[in-house]
1. Nearest 10 degrees is fine. How inclined is helix 463-479 to the longest principal axis of the chain, computing both from alpha carbons?
2. Taking the Cα centre of the chain as the origin, how large is its charge dipole in debye, to the nearest 20, when only Lys and Arg (+1) and Asp and Glu (-1) carry charge on their Cβ atoms?
3. Would you mind classifying the stretch 429-514 by shape? Square roots of the alpha carbon gyration tensor eigenvalues, ordered a ≥ b ≥ c; an a/c under 1.5 is rounded, otherwise it is prolate if a/b is larger than b/c and oblate if not.
4. Run the simple label-point estimate for Thr344 and Leu298 please: 7 Å along Cα→C-beta, distance reported in nm.
5. With only Lys, Arg, Asp and Glu charged, each at its Cβ (+1 for the first two, -1 for the last two), find how big the charge dipole of the stretch 162-243 is about the Cα centre; round to the nearest 20 debye.
6. Explain nothing, just the number: relative contact order of the chain, from Cα pairs under 8 Å at least 6 residues apart, as a whole percent.
7. Roughly what would the spin-label model give for Ala676 and Asp236, points 7 Å off Cα along C-beta, in nm?
8. Would you mind calculating the gained length between Thr531 and Met710 on full extension (0.36 nm times residue separation, minus the Cα-Cα distance), in nm to one decimal?
Amino acid sequence: MSSPPVARPTISLPVTMSDPLSISVITPSFNQATFIERTIQSVLGQDVAPLEYVVVDGLSTDETVQILTRYSDRLSFVSERDGGQADAVNRGIAKTSGAIIGWLNSDDVYYPGALAAVRGYFTRHPDVDVVYGNADHIDEHDRVLEPYPCEPWDPARLVENCYLCQPAVFFRRRVVARLGPLDTSLNFCMDYEFWLRLSSAGVRVAYLGRRLAGSRMYSANKTLSSRVRAHAETNDMLKKHLGTVPDRWLSNFAHVVLAQRGILRDHGRLRFALQASLLTWGAALRWNYALSPALKRLTWGWIKGETQAWRRDSPPAAASVPPRRPTHERSRLRIGLDISQTGTRKTGCGHLAASVVGALQNHGAPHDFLLYPTFGNAFWDPAGPGATWQPQRANFRRWPMPSTPGEARDFWRPGRPGLDAALGHPDIVQSFNFHCPQGLTAARIVYTLHDLAFLKEPDWTTEANRQTCFSGVFKASLYADLVVAMSEATRSHFLEMFPHYPAARTAVVPPPSRYADALPGPRPPACEQLTPGRFLLHVGTAEPRKNLERLIEAYTQYRNRATDPLVLALAGGKGWLMSGFDLRVRDLESRGHLVRLGYVEDVALQWLYQNCRTFVFPSLFEGFGLPVLEALSQGAAVITSRVSSLPEVGGDAVVYVDPTDADDIEAAIHRVTADAELWARLKREARRQAGRFSERATAEQTLAAYERVMTLGRYSGRPTLSPAVSVYGHLRPAQDERDEVTRVDHAGQGGTSQAVAGLPGA
């Protein structure tokens with residue numbers, strides 16, 4: 001359907017600064033003395049230059065102007081009558097000249113490093129016109145309420161949901177020159193209208209998976225205090241732009257009306273669904289003059305779904321779910337384990353989960369373990385939940401879980417009632433797949449942290465994956481009772497990125513190699529192209545951080561230099577953001593110099609580790625580096641990177657390289673393959689180093705983590721921003737958590753055995 005023509009606002013723009021990456025920030029303000037100083041500090045504390053900051057005040061009658069005057073040597077401001085928020089922003093744009101524009105309301109804040117990250121992205125991507133990132137909802141006391149529900153860029157999805165958080169959006173001045181400024185006729189949705197205008201014009205938009213800003217939500221907030229009016233204005237705007245209002249927005253309007261009337265779902269599910277349906281129909285008739293078939297199906301689904309959910313969440317029979325035991329009887333714990341990724345075509349998360357669960361079973365752990373074949377709604381085994389890990393001991397049993405993705409979404413919805421009972425009244429629930437459950441009232445949450453590569457360099461992964469991972473880790477920083485990292489490097493990175501989380505609630509539990517022995521076996525059919533001892537090996541899913549492009553560059557140099565070069569074998573599934581890689585290696589493949597094996601099963605992978613001349617793993621970043629450990633456990637000579645967690649895994653039994661230097665990688669390959677003495681020494685040291693990461697150690701450290709989390713009080717979450725957040729940006733835990741960190745850290749000093757168990761300060 002074609003959209004009706006919409007009048008485009010106009011604005012007179014000044015000449016842009018000579019620096020093509022200069023930044024201008026505009027803050028519209030009116031009677032925001034309570035918050036504006038924190039807003040100002042969050043801008044002036046950014047480490048970028050040149051930075052132009054303008055505050056456009058609408059003749060405030062409180063202390064706003066006095067506060068602005070105190071900062072007049074570092075910002076520009078005017079205090080004059082304007083036509084509302086959109087008009088104030090437009091005036092600010094007209095008064096500035098930066099090539100990149102940010103708009104920050106006078107009650108919101110930028111997080112430290114936000115502008116540097118945005119400028120860096122614009123620098124690397126000159127064709128991108130708009131960059132947006134993640135954000136938080138914060139309250140009037142600067143406490144994080146929840147992550148803003150940002151999503152990867154999808155123009156079709158934007159029509160149904162405004163998933164861009166306005167203070168976390170930045171755009172080039174050329175966009176305003178081309179498409180006009182904000183629509184001054186709008187009081188609430190001027191930002192959403194602007195995003196839709198950009199989208200319909202085909203502007204290049206990029207999603208940066210990093211927390212950039214805090215958007216304040218409180219009772220006096222303009223949008224919160226007038227939600228029905230705001231949604232009505234949004235529907236008017238959508239009608240004007242699209243010719244019809246999407247069903248999602250009609251539904252939103254109905255739910256806002258119900259909330260204003262104090263009608264809650266908890267007061268009666270079926271009644272709520274009926275009233276929401278009637279109001280949605282009324283909204284459809286008001287704006288679209290008709291009920292679409294899709295809307296009828298949607299509202300009928302509410303009624304049917306709420307009826308089924310009520311039945312499903314009814315208290316289960318005592319025979320199926322044992323009652324929760326009193327605390328004094330619980331020396332034997334009931335522990336729920338996520339095994340959702342242990343099924344078909346396992347990769348990192350799945351292998352870790354399988355190795356930990358297997359280690360606990362083989363170690364004879366004395367607790368009762370409930371295994372959850374589905375966990376959260378971001379991952380679903382293509383062969384179904386039945387393909388996941390199967391127990392072999394009586395105290396390990398698979399727990400009945402949803403059998404379809406739709407049921408899983410409802411089962412794991414945030415805050416659903418009765419989640420503890422539905423999971424079998426566990427004392428502890430451990431996540432392995434980035435999902436952090438919300439709604440548990442009694443069980444402790446142990447959250448397994450694999451890595452933060454998606455924050456280290458957002459370009460290394462897809463926007464969908466980045467959003468899923470960030471959402472899970474962020475929720476863990478708010479709700480997890482213990483965060484278990486795979487390495488000390490990952491633990492430190494987590495505390496650096498989420499400084500509000502107490503260090504005393506973190507642990508380091510490295511995984512074991514999944515190969516218990518190094519007994520040689522016959523060459524599997526998948527490896528028939530390879531001659532034992534005559535190939536180099538790399539293992540890993542094809543993705544940017546695995547550094548395959550630079551490995552190929554180094555390998556090409558090695559072939560040109562070596563008198564009898566070896567074949568390079570690449571084992572690992574097809575990943576993401578490697579569209580040009582096939583062309584890059586086609587010539588090497590056609591000449592028989594390179595063999596791409598794709599995803600290989602464990603038997604074939606073990607043979608590859610045992611029979612390669614050298615294992616080469618020049619990764620740019622790892623949360624642990626399981627392929628390195630697996631190669632060491634099979635006696636391989638290993639070359640790997642001197643970054644992140646890899647030195648913890650390799651110790652002194654590997655040759656380290658700079659992963660950003662192809663010459664260094666090539667020199668290491670040539671040295672290890674040509675120097676027989678060095679090669680033999682690496683192979684001798686390999687199994688000794690791998691022995692430090694035994695299955696027994698993983699089981700004991702995991703059990704110690706369970707004991708540790710049960711001695712701690714439940715984590716309160718909801719961190720508090722310090723008053724100087726806009727200068728320093730460090731999120732702090734509430735006072736009781738800060739006291740707990742101090743108390744535990746002092747109590748744990750000098751404990752060698754605790755450090756070995758991976759529980760700092762335990």
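1. Roughly 90 degrees between the two axes.
2. Values: 84 positive and 78 negative charges, 374 e Å.
I would put it at about 1800 debye.
3. On the way: a/c = 1.43, a/b = 1.21, b/c = 1.19.
Taking the square roots of the gyration eigenvalues as a ≥ b ≥ c, the stretch 429-514 is rounded.
4. Label-label distance for Thr344 and Leu298, simple model: 3.3 nm.
5. On the way: 14 positive and 5 negative charges, 72 e Å.
With Lys and Arg at +1 and Asp and Glu at -1, about 340 debye.
6. Values: 1442 pairs, mean separation 84.1, N = 762.
The value is 11 percent.
7. Going by the 7 Å Cα→Cβ label model, 8.7 nm.
8. On the way: separation 179, 0.36 × 179 = 64.44 nm, distance 5.22 nm.
Answer, rounded to one decimal: 59.2 nm.
The values are calculated or read from the model by the stated rules, or taken from the named source; none is laboratory data. This structure is a prediction, so every number in the text was calculated from the model and none was measured. A quick note on method: Cβ atoms are made from the backbone with ideal geometry, for glycine too, and the neighbour counts reach across all protein chains shown. What goes into the accessible areas is simple: the full protein's heavy atoms, side chains included, and nothing from ligands, DNA or RNA. Shrake-Rupley method; radii C 1.70, N 1.55, O 1.52, S 1.80 Å.
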